[in-house]
1. Among the residues of segment 61-84, write down those that are farther than 14 Å from Leu7 by Cβ, within 15 Å of the chain's Cα centre (by Cα) and not basic (Lys, Arg).
2. Could you list all residues from segment 80-126 that are open to solvent by less than 50 Å² (accessible area, probe 1.4 Å), in a loop (DSSP other than H, G, I, E, B) and of a type in the set (A, V, I, L, M, F, W, C)?
3. Are any residues in segment 28-51 more than 14 Å from the chain's Cα centre (by Cα) and surrounded by fewer than 19 Cβ atoms within 10 Å (Cβ to Cβ), and if so, which ones?
4. If you go through segment 96-127 one residue at a time, how many are of a type in the set (D, E, K, R) and over 14 Å from the mean Cα position of the chain (by Cα)?
5. For segment 1-60, please list each of the strands (runs of 3 or more DSSP E) lying entirely inside it that holds at least 1 residues being free of Cβ contacts under 8 Å to residues at least 24 places away in the same chain.
6. Let me confirm something: among Lys70, Lys13, Lys77, Lys104, which residue is touching a helix residue (DSSP H, G or I) at 6+ places or on another chain (Cβ under 6 Å) and of a type in the set (Lys, Arg)?
7. Which condition number does Val59 fail, the rest of (1) aliphatic (A, V, I, L, M); (2) out of contact with any strand residue (DSSP E or B) (no Cβ under 7 Å at 6 or more places or on another chain); (3) modelled with pLDDT under 95; (4) surrounded by 16 or more Cβ atoms within 10 Å (Cβ to Cβ) being met?
8. Given the conditions (1) surrounded by 17 or more Cβ atoms within 10 Å (Cβ to Cβ); (2) within 13 Å of the chain's Cα centre (by Cα); (3) not small (Gly, Ala, Ser), report the number of the one that Val4 does not fulfil.
Amino acid sequence: MARVRILLADDHKEMRDRVVRVLENEFQMLDAVADGQALLEAASELKPDLCLVDISMPVLNGFEVATRLKKSGSKAKIVFLSIHEDLDFARAAYDAGASAYVVKRRLASDLLKAIRAVLAGHTFTSSMVVTHGELA
């Protein structure tokens, strides 16, 4: 069985490196880019199965990236990585087309769970967001 192909966008190199280390043994990491425009260009060429997208990035933010990916016809599932624990950010992520919302502070415990949930056809939200209110 082919490994799931993942494309990552985060403007912090340390975070990109950390995510790659967490995922590279189980998934095929296609690329790790630093901004939203670079992710769109790479996605067009590489056709990932899943995109990990930071919300706060230069050039295009994660919400814009998700919206453009969906409009382009990309079938890639979108998992947001964010420092924001606010329920409004999670709602906006889902409105933009996300399948999961992972708070970076919970990366070690939540990222693999989120990806596995999304690949199984479910959604996932880090619990620290959900405890502040319910996603509708």
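1. So the first thing to find is which residues in segment 61-84 are farther than 14 Å from Leu7 by Cβ, and the list is 61, 63-64, 67, 70-71, 73, 82-84.
If we keep only those that are within 15 Å of the chain's Cα centre (by Cα) as well, we get 61, 63-64, 67, 70, 82-84.
Residues satisfying the conditions are Asn61, Phe63, Glu64, Thr67, Ser82, Ile83, His84.
2. Ala96, Ala98
3. Those that are more than 14 Å from the chain's Cα centre (by Cα) and surrounded by fewer than 19 Cβ atoms within 10 Å (Cβ to Cβ): Gln28, Gln37, Glu41, Ser44, Glu45, Leu46, Lys47.
4. Pass one, segment 96-127, residues of a type in the set (D, E, K, R): 104-106, 110, 113, 116.
Filter once more, keeping what is over 14 Å from the mean Cα position of the chain (by Cα): 105.
The total comes to 1.
5. Values: elements: 5-9, 28-33, 50-54.
Here the list reads 28-33.
6. Working: Lys70 fails: touching a helix residue (DSSP H, G or I) at 6+ places or on another chain (Cβ under 6 Å); Lys13 fails: touching a helix residue (DSSP H, G or I) at 6+ places or on another chain (Cβ under 6 Å); Lys104 fails: touching a helix residue (DSSP H, G or I) at 6+ places or on another chain (Cβ under 6 Å).
Matching residue, one of Lys70, Lys13, Lys77, Lys104: Lys77.
7. Unmet for Val59, out of (1) aliphatic (A, V, I, L, M); (2) out of contact with any strand residue (DSSP E or B) (no Cβ under 7 Å at 6 or more places or on another chain); (3) modelled with pLDDT under 95; (4) surrounded by 16 or more Cβ atoms within 10 Å (Cβ to Cβ): (4).
8. Unmet condition: (2).
The values are calculated or read from the model by the stated rules, or taken from the named source; none is laboratory data. Nothing here was measured: the structure is a model prediction, and the numbers come from that model. Positions of Cβ are backbone-derived with ideal geometry, glycine not excepted, and every protein chain shown enters the neighbour counts. Quick note on the areas: whole protein, heavy atoms, side chains included, nothing else; ligands and nucleic acids left out. Shrake-Rupley method; radii C 1.70, N 1.55, O 1.52, S 1.80 Å.
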